[in-house]
Amino acid sequence: MTANNSNTQQWQAMSRDHHLAPFSDFKQLAEKGPRIITRGEGVHLWDSEGNKILDGMAGLWCLAIGYGREELVEAASKQMRELPFYNTFFQTAHPPVLELAKALAEVTPAGMNHVFFTGSGSEGNDTMLRMVRHYWALKGKPNKKVVIARENGYHGSTVAGASLGGMKGMHEQGDLPIPGIVHIAQPYWFGEGGEMTPEAFGIWAADELEKKILEVGEDKVAAFIAEPIQGAGGVIIPPDSYWPRVREILAKHDILFVADEVICGFGRTGEWFGSDFYGNTPDMMTIAKGLTSGYVPMGGLVVRDEIVQVLNEGGDFNHGFTYSGHPVAAAVALENIRILREEKIIERVREETAPYLQKRLRELADHPLVGEVRGVGMLGAIELVKDKATRARYPSDKSVGMICRGHCFDNGLIMRAVGDTMIISPPLVISKSEIDELVEKARKCLDLTA
Ligand code: PLP
């Protein structure tokens, strides 16, 4: 599509007149008009004015294999011709969903060989909530219903997903969380660690889980859900002491461990799953985003074999979605996984491009505005501060994160702002020279913000 100014204006008018965009101030967006993104190729996007933009967020943590892969287009169109829709309800299935379930079992951690498909990550977490309660009821412990989650975690935007998440702004709109979901502190050393060393803080944050289990009562707690690395909360990388201690606590008490792998899954940390990266052994994993590289919507819940054995004895599980295991999404996911495996994309991230990205990103730590740079694999965060020594922030009305994001937007880079934390999550296929482009643009935008 050829872009020109009058097209942009027409699209912005359509937005104002007809579209309600997610996570937006509708009135402000109507006045300003959205930027119209028209095309993607590799790690770059183009807007309706013809500007080229490096997508430092892989869409929304989605585009593992990058934009413009014809193989996925082919897989979708072939499947649409053959069987565009059938559900997996009522004793039916179809080849793409079965082949995908098998392919997933080959890449997920050992002992996690079954998957319940959904249309999104939020639906995956809704499924988890119902499945863990059903599981405990079948085990003769129907009082085990409470799920422990973390402040500032993100688990989706449905009522259950937003309740599991620990985003205050989301809880305030709509009387959340729903009953049976409680939250503990996040392992965010830079923001909340105070005088503690990262290691001591990691132990403290993990011990908050045990405190909560004892407060609620082990006999009432069904599961603990956490992202291996909190993404939307600001790429919160737990101190090294955190996960081993959490594993110890969960092993001591009879509680299921749910890893929300919606962001960390499919190679983002340089391993297939964030749980592999940390050596965690979850009972369930929520997946989405990188499953299809975002080309079509799909999510799921991967379930450990021992749990499936119990569910197998329980009759109907009264839960599912019209689009659970959608054949076109399944065909696309299969092709996406084939590409990730055959092109050794995750190995390249682990061995080559992620170390380079992390090294180059940390060069930004000398910038006067930067309090900390952290990252793992293809994830990174840059904390903007007023005072490097004390980690003091700018007053909230200054909103340096939004200012920096605006400069990035105007200078051909997408970086997201979570408060005053700038975050990145580029496509896994980003090259070293594109990483140079990302870091150089980021520095320029920091200079413009300072
Ligand atoms: N879980 C995590 C960790 C996420 O980051 C997200 C979305 O960003 C979700 C769940 C929800 O996924 P969806 O937006 O596909 O419902």
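Scanning the stretch 26-48 for residues that are of a type in the set (Phe, Trp, Tyr) and in a helix (DSSP H, G or I) gives a single hit, PHE26. Only residues that are farther than 15 Å from MET128 by Cβ, assigned to a loop (DSSP other than H, G, I, E, B) and either in contact with a helix residue (DSSP H, G or I) (Cβ under 8 Å, 6 or more places away or on another chain) or touching a residue at least 40 places away in the same chain (Cβ under 8 Å) (or both) were counted in the stretch 168-187, giving 5. If I ask for residues that are more than 23 Å from LEU340 (Cα to Cα) and either exposed (fewer than 14 other Cβ atoms within 10 Å of the Cβ) or among the small types (Gly, Ala, Ser) (or both), which ones from the stretch 84-107 would you list? Of everything in the stretch 84-107, those that are more than 23 Å from LEU340 (Cα to Cα) and either exposed (fewer than 14 other Cβ atoms within 10 Å of the Cβ) or among the small types (Gly, Ala, Ser) (or both) turn out to be PRO84, PHE85, PHE89, PHE90, GLN91, THR92, ALA93. Within the stretch 214-242, the set of residues being surrounded by 15 or more Cβ atoms within 10 Å (Cβ to Cβ), over 15 Å from VAL132 (Cβ atoms) and among the aliphatic types (A, V, I, L, M) comprises ILE229, ALA232, VAL235, ILE236, ILE237. Of all residue pairs spaced 6 or more apart or on separate chains, those with beta-carbon atoms under 7 Å, a first member in the stretch 249-268 that is in contact (Cβ under 8 Å) with a residue 12 or more places away in the chain and within 16 Å of the ligand (Cβ to nearest atom) and a second member that is among the aromatic types (Phe, Trp, Tyr) and not in a loop (DSSP other than H, G, I, E, B) are PHE257/PHE224; VAL258/PHE224; ILE263/TRP61.
Filtered by the rule that a residue be of a type in the set (S, T, N, Q) and either touching a strand residue (DSSP E or B) at 6+ places or on another chain (Cβ under 7 Å) or away from the ligand (no atom under 13 Å from the Cβ) (or both), the stretch 110-126 gives ASN113, THR118, SER120, ASN125.
Taken together, GLU99, GLU74, GLU70 contain a single residue that is in contact with a Leu (Cβ under 8 Å, 6 or more places away or on another chain), away from the ligand (no atom under 16 Å from the Cβ) and more than 27 Å from PRO238 (Cβ to Cβ), which is GLU99.
Please count how many residues of the stretch 381-416 are in contact (Cβ under 8 Å) with a residue 24 or more places away in the chain and farther than 15 Å from LEU54 by Cα. Total satisfying the criteria: 11.
Filtering the stretch 149-159 for residues that are basic (Lys, Arg), over 17 Å from LYS289 (Cα atoms) and either near the ligand (Cβ under 10 Å from one of its atoms) or buried (at least 24 other Cβ atoms within 10 Å of the Cβ) (or both) leaves a non-empty set. Would you be able to say whether some residue in the stretch 211-219 is under 30 Å from VAL373 (Cβ atoms) and either in contact (Cβ under 8 Å) with a residue 24 or more places away in the chain or out of contact with any helix residue (DSSP H, G or I) (no Cβ under 8 Å at 6 or more places or on another chain) (or both)? The answer is no; no qualifying residue exists.
I'd like to check something: does the stretch 119-137 contain any residue that is on the phi < 0 side of the Ramachandran plot, surrounded by 18 or more Cβ atoms within 10 Å (Cβ to Cβ) and of a type in the set (Val, Ile, Thr)? Scanning the stretch 119-137, I find at least one residue that is on the phi < 0 side of the Ramachandran plot, surrounded by 18 or more Cβ atoms within 10 Å (Cβ to Cβ) and of a type in the set (Val, Ile, Thr), so the answer is yes. Only one entry in GLY180, GLY194 is of a type outside the set (D, E, K, R), more than 16 Å from the ligand (Cβ to nearest atom) and at pLDDT below 95, namely GLY194.
In summary, ALA93 fulfils each of the numbered conditions (1) assigned to a loop (DSSP other than H, G, I, E, B); (2) within 28 Å of PRO426 (Cα to Cα) with the single exception of condition (2).
Could you list all residues from the stretch 198-236 that are within 16 Å of the ligand (Cβ to nearest atom) and either touching a Leu at 6+ places or on another chain (Cβ under 8 Å) or of a type in the set (Phe, Trp, Tyr) (or both)?
Narrowing the stretch 198-236 to residues within 16 Å of the ligand (Cβ to nearest atom): 223-236.
Across the stretch 198-236, the qualifying residues are ALA223, PHE224, ILE225, ILE229, GLY231, VAL235.
Evaluating PHE23 against the criteria (1) closer than 28 Å to GLY375 by Cα; (2) of a type outside the set (A, V, I, L, M); (3) part of a strand (DSSP E or B) leaves one unmet condition, (3).
Of the set (1) outside any strand (DSSP E or B); (2) touching a helix residue (DSSP H, G or I) at 6+ places or on another chain (Cβ under 7 Å); (3) in contact (Cβ under 8 Å) with a residue 60 or more places away in the chain, all apply to VAL349 but (2). Residues considered: SER48, SER15. Of these, the only one that is touching a helix residue (DSSP H, G or I) at 6+ places or on another chain (Cβ under 8 Å) and free of Cβ contacts under 8 Å to residues at least 40 places away in the same chain is SER15.
In the stretch 352-363, the residues that are without any contact (Cβ under 8 Å) to a residue 40 or more places away in the chain form Cβ pairs under 6 Å with partners that are surrounded by 15 or more Cβ atoms within 10 Å (Cβ to Cβ) and β-branched (Val, Ile, Thr), at six or more places apart or across chains, as follows: ARG362/VAL373.
If the condition is being among the β-branched types (Val, Ile, Thr), buried (at least 24 other Cβ atoms within 10 Å of the Cβ) and within 13 Å of the ligand (Cβ to nearest atom), then the stretch 270-312 contributes THR286, ILE287, THR292. Determine, yes or no, whether ARG245 is closer than 29 Å to GLN358 by Cα, at pLDDT 95 or above, among the basic types (Lys, Arg) and surrounded by fewer than 22 Cβ atoms within 10 Å (Cβ to Cβ). Considered against the rule, which asks whether it is closer than 29 Å to GLN358 by Cα, at pLDDT 95 or above, among the basic types (Lys, Arg) and surrounded by fewer than 22 Cβ atoms within 10 Å (Cβ to Cβ), ARG245 comes out as yes.
Run down LEU369, LEU379 and say which single residue is touching a strand residue (DSSP E or B) at 6+ places or on another chain (Cβ under 8 Å) and crowded, with 21+ Cβ neighbours inside 10 Å. Break it down into steps so the answer makes sense when it comes.
On the way: LEU369 fails: crowded, with 21+ Cβ neighbours inside 10 Å.
Exactly one residue qualifies, and that residue is LEU379.
The values are calculated or read from the model by the stated rules, or taken from the named source; none is laboratory data. This is a predicted model, so every value here is computed, not measured. As a convention, Cβ positions derive from the backbone with ideal geometry for all residues, glycine included, and neighbour counts pool all protein chains shown.
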